[in-house]
Amino acid sequence: MKKTVSSENQNLSLWEDAPLAIPALGTSRLNWSYSRREAVDHCLRRYFYQYYASCSPDVSLREQVKRPKEIKNHHLRVGELVHLAISTYFKKLKQGKDLPSSWLQSWVRKIFAEDQAYSKLIRSGGPSSTEKYPPTILDEVVFDVADGDQILEQASEQLGAAIQTFFTSNALQEFRVLGAKPHSLIEHKMSLAGYKAPVSGKIDLVVHEEISATIVDWKLGVASDGGAESLQLASYGLWANAKYALPAEQIRIAKAHLADGSALDFKANSGSFANARARIQQDLERMTILHTYGQAGMIDVFTPSPHLKMCRLCPFRRICPEGEENHA
Ligand code: SF4
């Protein structure tokens, strides 16, 4: 039913069932990325801490989240460093410098060792780095996780082994050749048009030939059916589809597994692309509603989902009362 709008208050909603305006307390840009939509799926409270805590009216909460937002666990950090090693290898190769596997392994393992030293300093109350690119604060160190030293030692071994596999796996040989091509794109930032908010991602390797394109995604885990990753890979395919005007069948999307040296193709076709488009749109519908509450700092709307595995890996677990039972 239509309401009367008084001249004193022109801001009243015209429609009885229209949502009340929720005032924003802060500004936070909404965008879709695979990692952001994963955060929504895993735990809404964590999503709030990560993306909207700065909009909270609670000053102490705003302070509390600052440090956890800088923390990464070893899974995340090792993945970053493997990607850094491979992208640096290709970029230098194109400049005429062939960096050996041994050099890359010791380089990133040194960075990882520096992360650990810095994390110990922070744990003991030392000052934060003032460098432009400071070392990473590691979860296992700052939270003094049981067997943390052993976990990090194994992670460092895994880091070296993944890079070695990149250089020696027969199944990955074709991707080493593709990445070395002058026109290959390495760690390419992509965006998709036509959505209500920016949709973006970063493709590890893409090579466009005349009538085809190959996209490669480096994975640290061993080969699996990849169901959870399919949306991410399909979003890369959508980008290539638009960018190069290629049909889905001429876009190859491959997962290169650095743990066992295997390669697995993601089945790109018009059906998987249509499915991905719909899923991104659905994600954005949900994220847009949450965005209104997030910008208003309404933390209670973001229900915590305490789950042993998720909470153990969550950098906010020491400030999240709801996840307390699951603290490592
Ligand atoms: S500790 Fe658990 S419940 Fe709390 S934000 Fe993290 S994942 Fe969510």
Any chance you could count how many residues in segment 251-263 are crowded, with 18+ Cβ neighbours inside 10 Å and touching a residue at least 40 places away in the same chain (Cβ under 8 Å)? 5
Which residue is surrounded by the fewest Cβ atoms within 10 Å (Cβ to Cβ), if the candidates are limited to segment 144-158 and must be in contact with an Asp or Glu (Cβ under 9 Å, 6 or more places away or on another chain) and not in a loop (DSSP other than H, G, I, E, B)? ASP149
Can you find a residue that is within 30 Å of ASP147 (Cα to Cα) and touching a Lys or Arg at 6+ places or on another chain (Cβ under 9 Å) anywhere in segment 24-37? no
Among the candidates PRO135, PRO57, residue that is surrounded by fewer than 15 Cβ atoms within 10 Å (Cβ to Cβ) and away from the ligand (no atom under 16 Å from the Cβ): PRO57
Can SER129 be described as surrounded by fewer than 15 Cβ atoms within 10 Å (Cβ to Cβ) and either within 20 Å of ARG318 (Cα to Cα) or not hydrophobic (A, V, I, L, M, F, W, C) (or both)? yes
Condition test on SER270, is it of a type in the set (Ser, Thr, Tyr), surrounded by fewer than 19 Cβ atoms within 10 Å (Cβ to Cβ) and more than 21 Å from SER200 (Cα to Cα)? no
So, first residue more than 10 Å from PHE48 (Cβ to Cβ) in segment 300-322, second residue polar (S, T, N, Q) and more than 7 Å from the ligand (Cβ to nearest atom), Cβ within less than 8 Å, six or more apart or across chains; the pairs are LEU313/ASN73; PRO315/ASN73; ILE319/GLN64
Of all residues in segment 100-143, how many are part of a loop (DSSP other than H, G, I, E, B) and under 19 Å from GLN154 (Cβ atoms)? 2
Select from segment 38-54 the residues that are within 12 Å of the ligand (Cβ to nearest atom) and outside any helix (DSSP H, G or I) and list them in ascending order. CYS43
With respect to the numbered conditions (1) over 30 Å from ALA146 (Cβ atoms); (2) within 16 Å of the ligand (Cβ to nearest atom); (3) free of Cβ contacts under 8 Å to residues at least 60 places away in the same chain, which one is the sole condition not fulfilled by ALA276? (2)
LYS309 being under 16 Å from HIS42 (Cβ atoms) and either among the basic types (Lys, Arg) or touching a His at 6+ places or on another chain (Cβ under 6 Å) (or both): yes
Selection within segment 279-300 - more than 29 Å from ARG77 (Cβ to Cβ) and within 14 Å of the ligand (Cβ to nearest atom): ASP300
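Here, each number is a calculation from the coordinates, and none is a lab measurement. The model shown is predicted, which means the values in this text are computed figures rather than measured ones. No Cβ is skipped: glycine too gets one built from the backbone with ideal geometry, and neighbour counts run over all protein chains shown.
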